[in-house]
1. Which links in K398/K434; K82/K269; K269/K537 stretch past 19 Å when you go from one Cα to the other?
2. Grab every C-alpha pair in segment 343-456, bin the distances at 5 angstrom width from 0 up to the longest one, and report whole percents.
3. Share of Cα-Cα pairs in segment 247-333 beyond 22 Å, in percent?
4. In what sequence do E303, E79 fall when counting other Cβ within 10 Å, fewest first?
5. Can you sort S180, S373 by how many other beta carbons sit within 10 Å, fewest first?
6. Which value at 222 nm does the chain reach when only helices count, each DSSP H run of 4 or more adding -39,500 (n - 2.57), with the total divided by all residues and rounded to the nearest 500 deg cm²/dmol?
7. Under 28 Å between alpha carbons, and skipping anything fewer than 8 positions from K155 in its own chain: which lysines qualify?
8. Using the 10 angstrom Cβ neighbour count as an exposure proxy, how do L172, L262 rank, fewest first?
Amino acid sequence: MEEIKKKENFITEIIDKDLAEGRYAKVHTRFPPEPNGYLHIGHAKSICLNFGLAEQYGGKCNLRFDDTNPAKEEEEYVESIKEDIKWLGFDWEDRLYYASDYFDILYDYAVKLIKKGKAYVDSLSYEEIKELRGTPTRPGKESPYRNRSVEENLKLFEKMKNGEFKEGECVLRAKIDMSSPNLNLRDPIMYRIKHVPHHRTGNKWCIYPMYDWAHGQSDSIEGITHSICTLEFENHRPLYNWFLEQLEIHHPRQIEFARLNLSYTVMSKRKLLELVEGGYVDGWDDPRMPTISGLRRRGFTPESIRNFADRIGVAKRDTMIDVALLEFSLREDLNKKAQRAMAVLNPLKITLINYPEGKTEELEAVNNPEDPSMGRRKVPFGRELFIERTDFMEDPPKKFFRLKPGGEVRLRYAYIIKCEEVVKDSEGNVVELKCTYDPETKSGSGSTRKVKGTIHWVSANHAFEAEVHLYDRLFTVEDPLADKERDFKEFINPNSLVKLKGCKLEPFLKNAKAGDRFQFERLGYFCVDSKYFKKGKLVFNRTATLRDTWAKIAKKQNL
């Protein structure tokens, strides 16, 4: 079995110390998503971290859905999350859990706290509770219902459970310290009333636990040793610990790390939902979205995302990660795996006037120069071809090494050609180039004649037409949320999606399947769009361009 390389960071230092001191005998982590939206690249980082730590230490990692808010949760989200985790290459085995699995236990734990005088039913409204909570500089004030007797609290809590109160009429709160400098300890709400059916428990419950109450106890029930959270939960840790100590149950250790902030996107599920519901994108899996399903549809590989997560590591301070690093991880992976192909996105016709009419020959092309085992393929060549319109200029600048009037260029895997005549329509637009080819310069023939430029092409009689979608960054600014005076949607890039029709592609691509990835030579990495494929339409998405501004930086920083 291949030895797992240990990744050193401040979290592994804590785990090493816990194991050495005997605090825990093994490592048991969990990934606890809320099923109220699709997972994004930030969740991917957390998935890689939690499952990766378990793998690294020979431990276990659970998948547990935090399904404590039935008003926002859907089974669709549950299934999408499971699919994303499996696609990334992780396996929770038989450890699939839901916070709702523990609703009965959590209720009993709440009763235990009431009996200890550590929880009470409060009949204040949410607005009144918020007002009495105070501020970071002003202590809170106790609720007039704070000192209800244990017996009264038990009866009221049971009535809450039995549906005898309306929503907002009362809540269950922990009794801690209204003057604590940590606002999370100022008698936080444990249960609220919601007369909403749950996607798993139906109408059994009309009271639902708050995240802070359900989270730590669920960790404890499952025997989790290290509860890895993002930094916004650092101030919640004293409450996490307080609940466990009062209940005197198994005590996991909560550790916080910096969440992922990625440039030119937003990572808030609420804001991503705005984009979906507002029709700014084509659903949660739009290839411009930072969701895992969007990245998958765009053509990202699970390996590229895992490598990206490894590169950025874990930190204690929030920083903005350049999206170019994510793109670099993708190119690095696809360069090794993607089959090469030739495609012309903006075609310009070429006629080789000295090439025999009706003749077709098959030329050899390399499928991937990085991987000889991928072999070679045959590419049809004939008298009429298509090249990219941008590969020809009538009046080019000095260092333009592509095709120009009277100029020569090599066709990839084929011959050197020379532009003899430019054909234009009545409006002066270039519609065709008449060229000659040098039959002595066939690639692989040993010809020593050289020209400075090489361009790609497809045979006009063999290529097929397809639609190609060019995706770019969804926002025009690095941080769409930086300007608090403006709506982040004002910064949406109007050119984030360009649809090209009439593109000419190498014939073998006609048999491509959903999710197949290719490098279109000189153009970038592309994949077959899975959503359109299901509808019987072949559409290729640009996953990334070939340009890589990050590579030099990454090399210098040893990333």
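Bear in mind these aren't lab numbers, they're just calculated from the coordinates by the rules spelled out. Fair warning: this is a prediction, and the values are worked out from it, not measured in the lab. Quick reminder, even Gly has a Cβ in these numbers, built from the backbone with ideal geometry, and neighbours come from all protein chains shown.
1. K398/K434; K269/K537
2. Whole-percent P(r) values from 0 Å outward: 2, 11, 20, 24, 20, 12, 7, 3, 1, 0, 0.
3. 38 percent
4. Going from least to most buried by this count: E79, E303.
5. S373, S180
6. -8000 deg cm²/dmol
7. Candidates past the 8-residue exclusion: K112, K115, K116, K118, K130, K141, K166, K175, K194, K204.
8. Ascending number of Cβ neighbours within 10 Å: L262, L172.
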